[in-house]
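Report on the structure given below.
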Amino acid sequence: MRDHLSSMTSRSFRPDVYQLSKALALTTTSFATPHIVDGGQAAGAPTRVDAPLKVTGAAKYTADHHPEGLAHAVLVCSPIASGRIVSLDVESALRQPGVLGVVSHLNAAELRGAPAPSWPDKPEELLRRPDHGAGLSLADTTVRYAGQAVAAVVADTLTNATAGAHALAIEYAREEAQTLLAAHESEATEPQTGQIPGGEPASSTRGDPDKALASAPVTIRATYLSPTAHHNPIEAAATIAQWVDGKLIVHDANQGPHIIAAALAGAFGLKKADVRVTAQFVGGAFGCKLQLWPHGYIAALAARLVSRPVKLVMTRPQMFTAVGHRPNLIQHISLGAERDGTLLAIKHEAIVQTGSVDEYVEGCVGRTRTRYACPNVSVKTRLAHLNLPAGTSMRAPGKSTGSFALESAMDELAAQLAIDPIELRLRNFADVDPETGRPWSSTALKRCYEVGAARFGWRSGGARRGGREGRLLIGYGMAAGSYPRYASMATARVILHRSGKVVVETGLAEIGTGNPTVMPQIVAEALGVRAADVELVFGNTDLPFAPQAGGSRIVASVGRAILLACDDVKAKLASLASSQPGIENEEAHTVLSRTGTESIEGFGKWEPDGSTPPSVESNAAHFCEVAVDPDLGTLRVRRFVSAIDIGRVLSPVTARSQIIGAVTMGLGQALWEGTEIDERFGRYINTDLGEYLVPVNADVPAIETIFVGEPDPQTGVLGAKSAGEIGMVGVAAAVANAVYDATGIRPRSPPIHFDMLMKEGLIL
Ligand code: MOS
């Protein structure tokens, strides 16, 4: 790994010394070296620094904490999808053994102003948001969706709390619920904010797509459906809350402790400094732990009610209604093209399910504006407010679903024109950002096509690429993906000790992306020290503000704050070295000991400066081979190759892990994942891991990842672009396109189950 990193930089790595002269010269990374990092070889690279803690069970997750005097809360969730609570008999629960209290609308009035469960793009501004939503869960008697938390029972043990929750008598008046997206498509309205997460317009037009479509020699018009889907991290949502002298102390499984603290402070009228939130290790999140959901407020209320620390861990079924989901979607795409495949027009409309009071916008259309060099593009997003929980971001939100539609449609166009799908994409390649006309900060998407196709053994040409292998139908499919770069205000402290140890402190959460491995590398490179001598201290609000681990933004945000903090350390070191004669050129530890200094502390704050950021996209090209057995009715992904452009790869081992995890989620999106609803009751029905299918090891082939990007000089963080989510974008389309290649049947409504192929005429 060190070899790799040093080959990426213009200066060599000197592992064992803090050389002052070196530390003072902030050498710039060389951006000239073209490189391919083979993710497959990353297994030989150093392991993640937190791996031993995780595999030995020493890493502590939220529910592993047991403060003295701990009581337990269990949520009570509404069985009706619409209506109101007529009566709630607190005594019915209080009569049960061990029950200490009941939290409900009867004693939760302050939640009326609690912030909405939609995550802010400027997390530091969360406190200023005037809207509400999460708190509505308990703020009045209204029931807006099945599974809404309407109460929590607190008891001395989990068993007693569970029994108390079952005993709590609630009478409901049920009203008719609207839960079917297709039935409400026509009345869906554009989002009030006019935006998708990230700040792009929810609807926009360039050129005249209607006119261009009307006169286009070739058109494709298709509708793609995406089911409701759930994140399903293995660590359930959990909060432990405790009040000490009017201050709120919280352990919480989340993607950003500072965001959770801000939300709690807002709800309870506290100063943010009086809320301490810890999220040390987080067992998966994928977006469902970005913001504070009702259970977090409820745990804090429960702790105050019983004057004890209270632990609230959600059950798996509760995870399906209380922490968001990827919403049910309808997407309409129209493409108009010349006979040679040149795109003349793209129209993309998404109709997104959301809750009755919330406005989560799945930003399906965002990348459609930038994907291809097409003069006439219109995108539109409409929301259908239904009696369902609020949706939220789920890994590569909008990009995973939007790319499924657009990249399927491109495959349909390629098939209709008998043009190779890669060739079609190259003919419409966006050399510059087609929305702004400005150049990309960097793009290696053509390299992704080239290197991925070579590794996969893509058979180019217009005809079908698969064929038969015995009775198996083999299909090859490919698709592209892109992911923008998000960044927001972040701070960090870097402390250089005389002993040679360096500590970097920042209040981020580690959800599995590899921060304890990557952040020390950033410090090591900036200061010219060994990464092994740098320790990341993270995961609570005593540490400097960091945004939520969402939108693949941590390196782009916190990474920059760390670089600024390193600059500060170096400036202080330089001034120390010039304070005494004869030590100007000494190593750092000599300067520190000769001046009697124990440590030097640097602070860095990065925030967007208001200028227009460059057009930055991470890119992917995915290649998939499927085998369909028409006799046995099986559909297997046999091979998967992903060529990825994330600029410079800071850490091959964690980057590879992000990509194979993301591809696996994309395979889930394509083939297994979908939450079914019973329309009669407006309830999700497959709310456990037995019935909600996620890919398991036996479903997933070895995923080959190849990084082909070059260090991007404009990203501001050592040439790195976003890495966490790009791996998922385009995967579902690559699988669907491979299924089409194998069977001639076009899957437009994943998950692609075999019964769909049978219904479409594939004979068993
Ligand atoms: Mo990710 S869905 O931005 O947590």
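The values are calculated or read from the model by the stated rules, or taken from the named source; none is laboratory data. Being a predicted model, the structure only gives us computed values, none of them experimental. Glycine gets a Cβ as well: all are built from the backbone with ideal geometry, and neighbour counts include every protein chain shown.
Brief remarks on what is shown
- Qualifying residue in segment 495-514 (condition: basic (Lys, Arg) and more than 16 Å from the ligand (Cβ to nearest atom)): yes
- In segment 272-312, the residues that are within 15 Å of residue 66 (Cα to Cα), of a type in the set (Gly, Ala, Ser) and more than 16 Å from the ligand (Cβ to nearest atom): 299, 303
- Test for residue 155: is it modelled with pLDDT of 95 or more, in contact with a helix residue (DSSP H, G or I) (Cβ under 6 Å, 6 or more places away or on another chain) and crowded, with 17+ Cβ neighbours inside 10 Å: yes
- Residue count, segment 239-266 (criterion: part of a helix (DSSP H, G or I), among the hydrophobic types (A, V, I, L, M, F, W, C) and buried (at least 24 other Cβ atoms within 10 Å of the Cβ)): 6
- Matching residues in segment 690-726 - criterion: being away from the ligand (no atom under 16 Å from the Cβ), under 12 Å from residue 663 (Cα atoms) and in a loop (DSSP other than H, G, I, E, B): 695, 700, 701, 702
- Segment 321-333, residues that are touching a Pro at 6+ places or on another chain (Cβ under 8 Å) and within 16 Å of the ligand (Cβ to nearest atom): 324, 325, 326
- Top-ranked residue of segment 384-400 - restricted to ones that are under 21 Å from the mean Cα position of the chain (by Cα) and away from the ligand (no atom under 12 Å from the Cβ), ranked as surrounded by the fewest Cβ atoms within 10 Å (Cβ to Cβ): 390
- Members of segment 545-565 found to be away from the ligand (no atom under 16 Å from the Cβ) and assigned to a helix (DSSP H, G or I), listed by number: 559, 560, 561, 562, 563, 564, 565
- Residue 242 vs. criteria touching a residue at least 40 places away in the same chain (Cβ under 8 Å), away from the ligand (no atom under 16 Å from the Cβ) and under 23 Å from residue 69 (Cβ atoms): yes
- Qualifying position, being of a type in the set (Val, Ile, Thr), within 20 Å of residue 187 (Cβ to Cβ), in contact with a Cys (Cβ under 8 Å, 6 or more places away or on another chain) and surrounded by 24 or more Cβ atoms within 10 Å (Cβ to Cβ), among 352, 361, 365, 323: 352
- Among the residues making up segment 433-447, those that are in a loop (DSSP other than H, G, I, E, B) and not acidic (Asp, Glu) are 434, 436, 437, 438, 441, 442, 443, 444.
- Condition met for residue 318 (surrounded by fewer than 24 Cβ atoms within 10 Å (Cβ to Cβ) and either at negative phi or within 16 Å of the ligand (Cβ to nearest atom) (or both)): yes
- Residue 668 falls short on exactly one of the conditions (1) surrounded by 20 or more Cβ atoms within 10 Å (Cβ to Cβ); (2) more than 16 Å from the ligand (Cβ to nearest atom), and that condition is (2).
- Selection status of residue 757, surrounded by fewer than 24 Cβ atoms within 10 Å (Cβ to Cβ), touching a helix residue (DSSP H, G or I) at 6+ places or on another chain (Cβ under 7 Å), modelled with pLDDT under 95 and not in a helix (DSSP H, G or I): no
- Filter result for residue 534 (within 16 Å of the ligand (Cβ to nearest atom) and in contact with a Pro (Cβ under 8 Å, 6 or more places away or on another chain)): no
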